[in-house]
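Data first, discussion second: the structure below is written as structure tokens.
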Amino acid sequence: MIKFNTHPDEYQHWSLEINRHLATLKLNVNEDGGLYKGYKLKLNSYDLGVDIELNDAVQRLRFEHPEVRTVVLTSSMDKVFCSGANIKMLGLLSHAHKVNFCKFTNETRNSIEDATSCSGQTYIAAINGTAAGGGYELALASDYIMLVDDSSSAVSLPEVPLLAVLPGTGGLTRIVDKRRVRRDHADFFCTVTEGIRGKRAVQWKLIDELVPRSKFSDMVEKRAQEFSEKSYRPLDEQGITLTGLNRTIEGDHIRYDNLTASCDRQSGVVNLTIQGPSEDLPLEPESIKAAGDKFWPLALARELDDAILHLSFNELKLGTWVFRSSGNAELVAQVDKVLIKHKEHWLVNEIVHYLKRVLKRLDLVSRSLVTLVEPGSCFTGTLLELVFAADRSYMLDGNFEDSTEPPAVLQTTEMNFGPLLMCNGLTRVQTRFLNEPKMIEKIQDQNGKDFDAEEAFESGIVTFIPDDIDWDEEVRISIEERTSFSPDALTGMEASLRFAGPETLETKIFGRLSAWQNWIFQRPNAAGENGALKLYGTGKVSKYDKERV
Amino acid sequence: MNINYSEKIPNNVDLSSDRRLQRALEQWQPKFLEWWDELGPDKSSELDVYLRTAISVEKEGWAHFDYVKMPEYRWGIFLTPSDPNRTIDFGIHKGQPAWQEVPGEYRSELRRLIVTQGDTEPASVEQQRYLGKTCPSLYDLRNLFQVNVEEGRHLWAMVYLLQAYFGRDGREEAEAMLERHSGDQDKPRILDAFNEETPDWLSFFMFTFFTDRDGKFQLASLAESAFDPLSRSCRFMLTEEAHHMFVGESGVGRIVQRTCDLMNQHKTDDVREQGGIDLPTLQKYLNFHFSVSADLFGQEISTNAATYYNTSLKGRMAEAKIDDNHLLHDTSYPVLELSGDKIIKTDCPALNAVNERLRDDYIEDCDLGVRRWNKIIENSGHDFRFKLPHRAFNRNIGHFSTIHADPEGNIITQDEWDRKHLEWLPSQEDRTFVQSLMQPVTEPGEIAGWIAPPKGKINRQSFEFEFVCFN
């Protein structure tokens, strides 16, 4: 079982040093510390385990270190920055794991960019040796790239010529879209195994600055200082501590403080239930800080994040996730009010952006998502996003027979209209009603008011509203039907339907990853017995099927 | 510009009719001379040196002796004459005709091989640039300069290949070879052994014995390359490399002889007071240079080496003499590896173990030289014997770079290493002592007290000959 929870004290591959405004994340991969057997992580190459640590560090830097304004990504190896994903590992692992690995590393790169753009924490890549493939892609996620000028260190994306696959962590998209490298230059760059170094790397915008070896660390510090001066992060604030998650797994039941998940292996379904906040909610930044990672929205975000990762990686056959919630909807609305009111406060800002990232992760899962709105639920504001994020939602119209509980209602808050953007740059409401601003206005006009099932259906918030006579059958048949379809076709269909609207860097990266890379990963030229990925390292040469498809 | 190319740059590659190459070399040559002036042998440009110049590849042409001022040395471009019927001896292209052009699919691998080899040539010139100040005799000074100009010519040979066959990238690489400098903090040479200092003549002789011998093995395996111009260049370079190793082996041998003579004369093992270098100190230098040079063969199990071999770019030493199918698919080769705190022999895929095989050949070759030195000691009636350290000793590359081992190959702790390594490697005190002996001797026929005069002659000129004229 893969664990996503870690702590700097347990890092095997990274060291994190903090010196006031400057944090330095040094990659020093433990060769023998691979997540699986059968490969050595030589030359600062990485596997999922290395990236889990990076993800943890990026996350902690935002919450635990408000004082850190600049993060330098570098390596403690002499002539190697990072040589990318370990090829032997890619050759050994199943297709599913390769794809999950690529997705997770992409999400981590995106979280680096998110830290810079949303949290004033700028990443600098200080490339002190070879940066190949995923190593250069890691640098591309930074805002500023410095390369040592020693006539041998180069940046490269050698996947096509060397491995017959694509740079899988956004490299192709980022060079042309983010760094605006000319397409013809990019084309050349991506076909030379040795990459590009020196002045040409600057001229072609592959890097920002070239620095002699002897001046490298001074110059990196100087740039870090400059970026720090521009940051708006607070000066004299203490961070909060992200403590270990309280998670228990007993048989098919996973339990967190605010979330439970039950796995139904027979039908391939996970039932997830979110517990709403309890009464004594902090209302001001100081009390939020005091509550720390126990503050409900943050605690829930962390638990949901962990559950999504755990289920995605460790439970491949549970193809449908069904969300429910339980709790006091008023309190959720209150939490959202606090988040909106204090959104300028650094910690609140971090919490909101974290919620955003977790929901983005949910949008990207290769699972069918169904949300069920039943009496006693609290799908308000932030939690209402789970209704919009679902491929389909059902809301009980009225009440269950013999129950005295009031019927379920839904409510929007300001959280639904801006802070929790999807990776297409739109809110989930905007994505749902693309080019129908009137529909959005209609919902927004009702902000803070309850929608009963009928109203929610009329407004287009939920998909279907069976009454208590139909409910059980409708829901059961719908889920049984869904689980009978081809998982591949479902994944493709869902991903195609979820992201209506404009393309962004992120949608392009994920879209191309799932289309091109996943196609290439399946093709004999890469993954066959004599494919480049399988033969890499043996010295043997793959024979390509030259037919263009 | 009207230049007589065959006069200025002796060659057998028909330079005078290749305009593209002329243009490239014209741009490069001034930079090369600038580099020689700046980082070649210090204060040597006015000296008349009795040098061998290769002016053709014929028997009488490659060893033409005369006094030359080094900046006027004619760095030529010579390839062993081509054999139009040569076929490839190994790898997946085995049996096909050798390539006269670079195949597009192997462009970057071939370029990398040539750059890595080429980078070592000027590096050693830079490492040795101050040795002229402390030469033990004119004979040795001349040998040093001979080695230097030939390393310069080897650089030319590699630059020729880059310029003639690799287009713009090749020209850039050729220039980069003059931009990287040995020991330079900003732009060091590619391989670590070429960033070490060569501060004294003992180091120089050890370097030419051990490190230039790596060169011999690398050149020999490149001489097998399917890329014919590379193969032919390396074949010709090997004839010169042999002289460098002779300088090393005979140089150390003469020091050993002198030490033994002093030991006999003064009836003592510790000849430092008599101005000789004691045998244990020589062993420490040997340990250092052997271990640093062993690193040059790279990782024991190497993806690159496997690719180079399989694609017929770089073979094994004397491929034609090896009795196998020259493909190495599905065969294994025994390699020493770490297993916990033990060193064990493991059968590894032979294709990936090509580096290790070459290192094995190298160690065997080194051992032969060491035995000849031991013969000198034995003939002088002493019991001391030199010994090559275990390959796990003092390594910075490969499996053994992560552990410490003593010269016998026993794995030891960091603590033990810290306490004992100066029993095995030259200490600062040893180096200072050796340095103190380095006083220049520049009268014809005279020699420093720590080394015996040579037995052989150069082009029939005996030791008393004025090999270098100071004008």
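Read the figures in this text as sums done on the coordinates, not as results from a lab. Model, not experiment: these values are computed from the prediction. Note: ideal-geometry Cβ built from the backbone for every residue, glycine included; neighbour counts use all protein chains shown.
Need one number: % antiparallel among DSSP beta bridges in the protein assembly as shown, to the nearest 5.
Expressed as a percentage, antiparallel bridges in the protein assembly as shown total about 50.
Given Cβ point charges of +1 (Lys, Arg) and -1 (Asp, Glu) and nothing else, what value in debye, to the nearest 20, does the dipole of the protein assembly as shown about its Cα centre take?
Result for the protein assembly as shown is approximately 3040 debye, rounded to the nearest 20.
Take the Cβ-Cβ distance between residue A:286 and residue A:316 as r, set R0 to 56 Å, and report the resulting FRET efficiency rounded to the nearest 0.05.
0.80
State whether region B:29-112 is rounded, prolate or oblate according to the following rule on the C-alpha gyration tensor (a ≥ b ≥ c being the square roots of its eigenvalues): a/c under 1.5 gives rounded; otherwise a/b larger than b/c gives prolate, and the remaining case gives oblate.
Note, shape of region B:29-112 comes out oblate.
So how do A:17, A:194, A:506 line up by other beta-carbon neighbours within 10 Å, fewest first?
The order, fewest Cβ neighbours first, is A:17, A:194, A:506.
Taking every alpha carbon pair in chain A, what does the distance histogram look like in 20 angstrom bins from 0, in percent?
21, 54, 24, 2
If the label point is 7 Å along Cα→Cβ of residue B:417, which residues in region B:170-207 have backbone nitrogen under 18 Å from it?
The answer is B:192-193, whose backbone nitrogens lie closer than 18 Å to the label point.
Can you give me the distance in nm between label points at residue A:279 and residue B:238, each placed 7 Å from the Cα along the Cα-to-Cβ direction?
9.1 nm
Which listed residue (A:239, B:76, A:342) has the Cα farthest towards the positive end of the charge dipole for the protein assembly as shown, taking +1 on Lys and Arg C-beta and -1 on Asp and Glu C-beta about the Cα centre?
Value: B:76.
Determine ³J(HN,Hα), in whole Hz, for all residues of region A:97-109 in sequence, where each value follows from phi through the Karplus function 6.51 cos²θ - 1.76 cosθ + 1.60 and θ = phi - 60°; x replaces Gly and Pro.
5, 4, 5, 4, 4, 4, 5, 4, 5, 5, 5, 5, 4
With the calculation restricted to Cα positions, what are the radius of gyration and Dmax of region A:377-533 in angstrom?
That works out to 19.5, 66 Å for Rg and Dmax.
Using only Cα positions of region A:23-101, each an equal point scatterer, no hydration layer, compute I(q)/I(0) via Debye at q = 0.15, 0.20 Å⁻¹ and quote the log10 values to two decimals.
These q points yield log10 I(q)/I(0) values of -0.58, -0.90.
So how far apart, in nm, are the two label points at residue A:76 and residue A:496 if each is 7 Å from Cα heading toward Cβ?
It works out to 4.9 nm between the two label points.
Can you work out the FRET efficiency for the pair residue B:169 and residue B:29, with r the C-beta to C-beta distance and R0 = 25 Å, to the nearest 0.05?
Efficiency, from the Cβ-Cβ distance: 0.80.
If every alpha-carbon in the protein assembly as shown counts as one equal scatterer, what log10 I(q)/I(0) does Debye give at q = 0.06, 0.08 1/Å?
-0.56, -0.87
Give me D for region A:248-490 in µm² s⁻¹, whole number, from Stokes-Einstein with Rh from the Kirkwood sum over alpha-carbon pairs, 37 °C and 0.692 mPa s.
179 µm²/s
Whole-Hz ³J(HN,Hα) for each residue in region A:342-354, computed from phi via Karplus 6.51 cos²θ - 1.76 cosθ + 1.60 with θ = phi - 60°, x for glycine and proline: what do you get?
10, 4, 6, 5, 4, 6, 4, 4, 5, 5, 4, 5, 5
Take every Cα-Cα pair in region A:337-448 and report what % of them are more than 23 Å apart.
34 percent
Using all alpha carbons of region B:158-297, what is the percent of pairwise distances in each 10 Å bin, ordered from the shortest bin to the longest?
Percent of pairs per bin, in order: 11, 29, 32, 17, 8, 3, 0.
Identify, among B:239, B:253, B:452, the residue whose Cα sits farthest towards the positive end of the charge dipole of region B:5-469, taking +1 on the Cβ of Lys and Arg and -1 on the Cβ of Asp and Glu, with the dipole about the Cα centre.
It is B:239.
Given region B:5-469, what percent of its DSSP beta bridges are antiparallel, to the nearest 5?
Counting DSSP beta bridges with both partners in region B:5-469, the antiparallel share is about 90 percent.
Give me A:109, A:200 ranked fewest to most by other Cβ atoms within 10 Å of their Cβ, as a rough exposure proxy.
If I rank by nearby Cβ atoms, fewest first, I get A:200, A:109.
Going 7 Å from the Cα of residue A:505 along its beta-carbon direction, which residues of region A:167-198 have the amide nitrogen within less than 18 Å of the resulting point?
A:167-183, A:186
Can you tell me the mean projection area, over all orientations, of the convex hull of region B:5-469's alpha carbons? Units nm², please.
Directional mean of the projected Cα hull area for region B:5-469 stands at 22.5 nm².
Checking a compactness column here: for region A:365-426, what do you get for Rg(Cα) / (2.2 N^0.38 Å), N being the number of residues?
Normalised by 2.2 N^0.38 Å, the Cα Rg of region A:365-426 equals 1.28.
Among A:211, A:513, B:275, pick out the residue whose Cα is farthest towards the positive end of the charge dipole of the protein assembly as shown, where Lys and Arg carry +1 and Asp and Glu carry -1 on C-beta, about the Cα centre.
Value: B:275.
Residues of region B:299-314 with amide nitrogen under 18 Å from the 7 Å Cα-to-Cβ point of residue A:538?
The answer is B:301-312, whose backbone nitrogens lie closer than 18 Å to the label point.
Three principal axis extents, largest first, for the C-alpha atoms of region A:222-301, in Å?
Dimensions of region A:222-301 along the principal axes of its Cα atoms: 58, 35, 17 Å.
Sequence-distant or interchain residues sharing an amide H contact under 5 Å with residue B:348, placed H: which?
B:333, B:335
Quick one: of the DSSP bridges fully inside chain A, what percent are antiparallel, nearest 5?
Counting DSSP beta bridges with both partners in chain A, the antiparallel share is about 35 percent.
What is the Cα centroid distance between region A:1-53 and region A:511-535, reported in whole angstrom?
Cα centres, region A:1-53 to region A:511-535: 26 Å.
Pulled fully out, how much extra length does the chain show between residue A:30 and residue A:247, if you take 0.36 nm times their separation in residues and subtract their Cα-Cα distance?
Once the chain is fully extended between residue A:30 and residue A:247, it gains 75.3 nm.
Could you let me know the centre-to-centre spacing of region B:1-66 and region A:239-262, using Cα atoms, in angstrom?
75 Å
Using a Förster distance of 25 Å, how high is the FRET efficiency between residue B:396 and residue B:105, based on the Cβ-Cβ distance and rounded to 0.05?
It comes out at approximately 0.15.
Taking the Cα centre of region A:365-425 as origin, sum charge times position over the Cβ atoms of Lys and Arg (+1) and Asp and Glu (-1), and report the length of that vector in debye to the nearest 20.
Dipole about the Cα centre, nearest 20: 340 debye.
On each of the three principal axes of the Cα atoms of region B:1-76, give max minus min coordinate, whole Å, ordered largest first.
35, 32, 18
If the chain between residue B:330 and residue B:267 were fully stretched, how many nm would it gain, using 0.36 nm times the residue separation less the Cα-Cα distance?
The residue B:330-residue B:267 span can extend by a further 16.8 nm.
With θ set to phi - 60° and the Karplus curve 6.51 cos²θ - 1.76 cosθ + 1.60, what are the ³J(HN,Hα) couplings of region A:47-54 in order, to the nearest whole Hz, using x for Gly and Pro?
For region A:47-54, the Karplus-derived couplings read 10, 4, x, 5, 6, 4, 5, 4 Hz, x marking Gly and Pro.
Taking only the alpha-carbon positions of region A:500-549 and ignoring solvent, what does the Debye formula give for the base-10 log of I(q)/I(0) at q = 0.18, 0.23, 0.31 Å⁻¹?
Debye output, listed in q order: -0.65, -0.81, -1.08.
So who's got an amide H within less than 5 Å of the one on residue A:539, skipping anything under 5 residues away but keeping other chains? H placed 1.01 Å off N, in plane.
B:307
Quick one: grab Rg to one decimal and Dmax as a whole number for region A:167-255, Cα atoms only, in Å.
Using the Cα atoms of region A:167-255, the pair Rg, Dmax is 21.3, 58 Å.
In nm², what is the average projected area of the convex hull enclosing the Cα atoms of region A:452-549?
The orientation-averaged projected area of the Cα hull of region A:452-549 comes to 10.8 nm².
What is the fewest-to-most order of B:33, A:386 by other Cβ atoms lying within 10 Å of their Cβ?
Final ranking by Cβ density, sparse to dense: B:33, A:386.
Quick one: compute the contact order of chain A, relative version, from alpha carbon pairs under 8 angstrom and 6+ residues apart, as a percent.
Relative contact order for chain A comes out at 12 percent.
Determine the calculated [θ] at 222 nm for the protein assembly as shown from helices alone, applying -39500 (n - 2.57) to every DSSP H run no shorter than 4 residues and normalising by the residue count; nearest 500 deg cm²/dmol.
Helix contribution divided over all residues of the protein assembly as shown: -13000 deg cm²/dmol.
Roughly how many debye, to the nearest 20, is the charge dipole of region B:5-469 about its Cα centre, given +1 on each Lys and Arg Cβ, -1 on each Asp and Glu Cβ, and no other charges?
740 debye
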